[in-house]
Protein chains: 2
Amino acid sequence: MHCYTKNCLSFIRYNPLRNSQAFHRPAYCSQKITTTEPSSPNVRTEIPGPKSRQLLKELDRIQNTGAVQFFADYDKSYGNYLVDVDDNCLLDLYTQIASIPIGYNHQSLIDAVKNEDNLSTFVNRPALGCYPPRDWITRLQTSLLAVAPPGLSEVQTMACGACSVEHAQKAMFIAFQRRKRGGAPPTQQELQSCKTNELPGTPNLSVLSFKNAFHGRTMGALALTHTKPMHKLDLPQPKWPIATFPMLKYPLEDNVRENQAEEKRCLEEVEDLIETWKKKSEPIVGIVIEPIQGEGGDNFASPQFFQGLQDICIKNDICFNLDEVQTGCGVTGLFWAHEHFNLKQPPDIVTFSKKMLTGGFFYRSEYRPQEAFRIFNTWIGDPSKVVLLEAVIKVIKRDNLLNRVSEIGNYLWPEVEKIQEKYPDLISRVRGLGITGAVDFPSPDERNKAISKLLSKGVNTGACGESSLRLRPTLTLQKQHVDIFLDRLNSVCQEMS
Amino acid sequence: MHCYTKNCLSFIRYNPLRNSQAFHRPAYCSQKITTTEPSSPNVRTEIPGPKSRQLLKELDRIQNTGAVQFFADYDKSYGNYLVDVDDNCLLDLYTQIASIPIGYNHQSLIDAVKNEDNLSTFVNRPALGCYPPRDWITRLQTSLLAVAPPGLSEVQTMACGACSVEHAQKAMFIAFQRRKRGGAPPTQQELQSCKTNELPGTPNLSVLSFKNAFHGRTMGALALTHTKPMHKLDLPQPKWPIATFPMLKYPLEDNVRENQAEEKRCLEEVEDLIETWKKKSEPIVGIVIEPIQGEGGDNFASPQFFQGLQDICIKNDICFNLDEVQTGCGVTGLFWAHEHFNLKQPPDIVTFSKKMLTGGFFYRSEYRPQEAFRIFNTWIGDPSKVVLLEAVIKVIKRDNLLNRVSEIGNYLWPEVEKIQEKYPDLISRVRGLGITGAVDFPSPDERNKAISKLLSKGVNTGACGESSLRLRPTLTLQKQHVDIFLDRLNSVCQEMS
């Protein structure tokens, strides 16, 4: 994986994308919404422009606006292009923090909202756990279950990524304690004490996470998150074990032995922590890990590393829980990133959100709670998001988007490497799989400058890690988009060196 | 409050509801969706019926179905009536765990979804904190800010109730530590240590909650929740202070002195806990409380109790955080339940979700984080839900629903009291404010039997607390609905006594 072969670029010569159905003209045109993609970005003002700045001032009376980049005009945006309120038209390679699957205003999504059959789903949000809609099973089958990770056939919907991680974590604790009881029911003392957060009903258990991991911002998810101080500062947290995520050296082919040693060391650390925390009587019930660390810096590890982790989980009878919130939905060229790992059995839990439009998690049946109301809340997801996901999955299949993602990745990253070769003092650690990946700059300041310069040239990208610039485009990214990015990145590097 | 005056029933004679616009015929009819409310329930099968049972079997292959009551046909449901897949037509007084504001398939919501101007909002879900839509400020002004609790003008959207409670809690911790630093920036040691959940960046702080409270099911929200064991069992939790929520004796007018003493005792307990936890070096940063405890048993306390709590918070310089997830959006006859409390200043934080269709929280400006990305996630809410909320608020104002809720409550609860007088061994502690309230049965079994019998007679209600039956109808509840409920409750009591 992510050693893209440089000899599979033949597709570009034949350019099957020319006949793609992804951006076919709609059968009927909406009055308001743009229905064609521009041929290139167009920047008219500084960004944020005057209109965005005015709106920023107004919004700042209502809430903190420190994270706002600009105000967007979603009616005018289309495909891979995001238009802001100052009419700046940007090639969007960050796409709402990696959460737009097939581009803005895709006709299939518009059709799904306009379809009378779906109307009551958008109007009446049910308490899904109590009164599911008539067509709920069919909906699950044509959406989530149609793309379930190999070997997993159970799924729980949730509203967002953090909730998915939280409830998946609860499933881990519940299964661990059930195994521990060996089939016996909980004691009266357990049932009573848990209501006031006391032993034994509220047990001392822990979850192992990794340095630089990001899993969300609610307490249970944030406990596993170890990225920026501003995500974590001042917030009480359980003090659970944290292992080192391998920090691979690039180019991979020149650092094979060193990287293997690094991964071996990390696996040993995991095993040590499991032993230590068992002795501390706060046993680890499972390992939560991203197949590719996103927010923490687009850190990759090898399939062998993940195989090793799974082996450790099997050996210790604990849960192997993969957080695919940012890596799922096809961005690596396979629907789930862990499909690249050639695991000996399915992961125990796979969480998702972002491009999937609904949160949730797949799980092996031993992680299904036996009792009602344990993994539960009022909404536990939203059927209207599943309607949209259904449309997304149809497009992914119809337009063969997974193959296209692989092909475009095989074109993109070697080209970025060429820029790295030209500017070795500026760009390093080029890494990517499919359309997801990043490059490093020498410092956070230089990374920020590069992002800002790219934006002023009409290309929207994102930051991650200490000094990485990440790409998170849609699955409909094509060669012409990549070429624009490469051109602008080249200019930026020239200006900065 | 909730001492409904028995002499304000004159509205029923004049029946302004006859001219109500709430259920006006739509301008155009959807092909699929029912557009009139039936005149009474109609139960054709046992519930769940054969079709629901078949679907239950199928869904059980995918996930735990222990909480599923029946499968619903949302196309056929309308107003206060929910139709199931076996064509049972039920008067719904539980309405998706209190989360349907103005009835099923309300024409205003259908219009909002069909409105071309809103289309791109349903299709493109933005990362609201980074790229808010052009009309976001206007949307906030015509929805959330139009119903902001008196004195509060800042708001943060979130996806659901638990996320709202979690992030509101984070705002409490952040503000507490900022005050403690007295304007100084965090130290390098704090910034570094928080990344691995260690002191001093991850401080020992606590939040005070109440017995029988319910605030959600993610770790930080669940830490404040003390209801059923199945919500809590096996899940690690911070061990934070828990005070007693007053358990009032009914009828209130016969227990004035006893109830005052109970509330005084509870307030003293809160003050004691604040002192104790200060000494333990895990200071309480704030109090989180429901204006009316919902899941925990529809427990009311007096305005004086909440005034006393706020005084304690002011005196100790800690946060007074009201969880209005189940009590907001007009169900008490005022938009927010705490408006009944005559507080000397606004609460510091008010969380919401359920009938508001979007989660979020209002807050006093000192609870606004000064830095970006602290109260943040990918979506932080969903503008398409705010579009629906905007329509709901227009209907609430146009149809004067808050007044109607007060009036219908003034009719409903005295009538339920009459049934209590007829069946004093079966029903006790009748309590309600507006359309939200409950009655107690002698045991959980009898409560469950009553709910089940009501369902078989076409009325859907819910359970709460140990042995309470709760009502959570829509804001469009009318006298004819109440009369059906009263008739069926009478029959059930007759059968059970």
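What follows is calculated from the coordinates using simple rules that are stated; it is not laboratory data. Only a predicted model underlies this, so the values are computations on that prediction, with no experimental measurement involved. In this analysis, Cβ positions are derived from the backbone assuming ideal geometry, glycine residues included, and neighbour counts consider all displayed protein chains.
Subtracting the Cα-Cα distance of B:Glu46 and B:Ser365 from their residue separation scaled by 0.36 nm leaves 109.5 nm. In terms of the mean number of neighbouring beta-carbon atoms within 10 Å, the peptides B:175-188, B:425-438, A:238-251 order highest first as B:425-438, A:238-251, B:175-188. Candidate cross-link partners of B:Lys422 among the aspartates and glutamates, defined by an alpha-carbon separation under 15 Å and a same-chain spacing of 8 or more, comprise B:Asp440, B:Asp487, B:Glu495. Once both labels are positioned 7 Å from their Cα atoms along Cα-to-Cβ, the gap between A:Lys449 and A:Gln54 label points is 3.4 nm. Database remark: amide H of B:Gly360 closer than 5 angstrom to the amide H of B:Met158, B:Ser164, B:Phe352 (H placed geometrically; neighbours at sequence offset of 5 or more, or on other chains; Pro and chain starts carry no H).
For the protein assembly as shown, give me the percentage of DSSP beta bridges that are antiparallel, rounded to the nearest 5 percent.
Details: 58 of 87 bridges.
Here the share of antiparallel DSSP bridges comes out near 65 percent.
Taking the label point 7 Å along Cα→Cβ, A:Gly182 and its counterparts in the other copies are spaced 5.9 nm apart, in ascending order. In sequence order, segment B:32-43 has phi-based couplings of 9, 9, 4, 10, 9, 8, x, 8, 7, x, 8, 9 Hz under the Karplus curve 6.51 cos²θ - 1.76 cosθ + 1.60, θ = phi - 60°, and Gly or Pro positions carry x.
Over 29 Å apart at the Cα level, from the set A:Lys232/A:Lys397; A:Lys249/A:Lys457; A:Lys170/A:Lys280, are A:Lys232/A:Lys397; A:Lys249/A:Lys457.
Counting only other chain Cβ atoms within 10 Å of each residue's Cβ, the peptide A:133-146 averages 4. So for the pair B:Lys239, B:Ser153, with labels modelled 7 Å out along Cα→Cβ, what separation do we get in nm? If labels sit at B:Lys239 and B:Ser153, their model points lie 4.6 nm apart. Using just its DSSP H runs of length 4 or more, each adding -39500 (n - 2.57), chain B gives a mean residue ellipticity at 222 nm of -11000 deg cm²/dmol after division by all residues. Shape analysis of chain B yields a ratio of the Cα radius of gyration to the Kirkwood radius, Rg/Rh, of 0.97.
Straight-line cross-link partners of B:Lys32 among the aspartates and glutamates, defined as a Cα under 16 Å from its Cα and at least 8 positions apart when in the same chain: A:Glu116, A:Asp117, A:Asp135, B:Asp73, B:Asp75, B:Asp84, B:Asp87, B:Asp111. For segment A:119-124, backbone phi angles converted through the Karplus equation (6.51, -1.76, 1.60; θ = phi - 60°) give residue-by-residue couplings of 4, 5, 5, 7, 8, 10 Hz, Gly and Pro being listed as x. Placing unit charges on the Cβ atoms only, positive for Lys and Arg and negative for Asp and Glu, gives segment B:116-398 a dipole magnitude near 560 debye about its Cα centre.
Once the C-beta distance of A:Lys180 and A:Glu253 is scaled by a Förster radius of 45 Å, the resulting FRET efficiency is 0.45 to the nearest 0.05. Remark: mean inter-chain Cβ contacts per residue of B:235-248 equal 4, using a 10 Å Cβ-Cβ cutoff to other protein chain atoms. Annotation for B:Pro424, label-to-label distances across the other copies: 9.5 nm (shortest first, one decimal, point 7 Å from Cα along Cα→Cβ). Could you give the nm distance between label points at B:Asp483 and A:Asp483, where each point is 7 Å from its Cα heading toward the beta carbon? Each label point is offset 7 Å from its Cα along the Cβ direction, giving 7.5 nm.
Summing charges over neighbours of B:Leu199, with a neighbour being any other residue whose Cβ is under 13 Å away from its Cβ, gives -1 when K and R count +1 and D and E count -1.
For segment B:465-471, the Karplus equation 6.51 cos²θ - 1.76 cosθ + 1.60, evaluated at θ = phi - 60°, returns couplings of x, 6, 8, 9, 10, 10, 10 Hz by residue, with Gly and Pro reported as x. Partners of B:Lys394 within straight-line reach, counting lysines whose Cα lies under 17 Å from its Cα and excluding those fewer than 8 residues away in the same chain: B:Lys114, B:Lys355, B:Lys385.
Counting Cβ atoms of other protein chains within 10 Å of each Cβ in A:383-394 and taking the mean gives 1.
Using the average count of surrounding beta-carbon atoms within 10 Å as a protection proxy, the listed peptides B:346-356, B:382-392 rank, highest first, as B:346-356, B:382-392.
A full extension of the chain between A:Asp117 and A:Asn204 corresponds to an added length of 26.5 nm, given 0.36 nm per residue minus the alpha carbon distance. Quick check: Cα centre of segment B:281-295 to Cα centre of segment B:139-210, how many Å? The two parts, judged by their Cα centres, are 14 Å apart.
Semi-axes, largest first, in whole Å: what does sqrt of 5 times each Cα gyration tensor eigenvalue give for segment B:269-411?
Equivalent-ellipsoid dimensions as semi-axes: 29, 22, 12 Å.
One chain, two ends: B:Lys418 and B:Ser497. Fully extended at 0.36 nm per residue, the span grows by 26.9 nm beyond their Cα-Cα distance. Only helices reaching 15 angstrom along their own axis (Cα) with mean Kyte-Doolittle hydropathy no lower than 0.0 count here, and for the DSSP H runs of chain B these are B:383-398.
Quick one: work out the % antiparallel among DSSP beta bridges in segment B:116-398, nearest 5.
50 percent
Using a 7 Å projection from Cα along Cα-to-Cβ, the label point at B:Ser365 is separated from the same position in the remaining copies by 5.9 nm, smallest value first.
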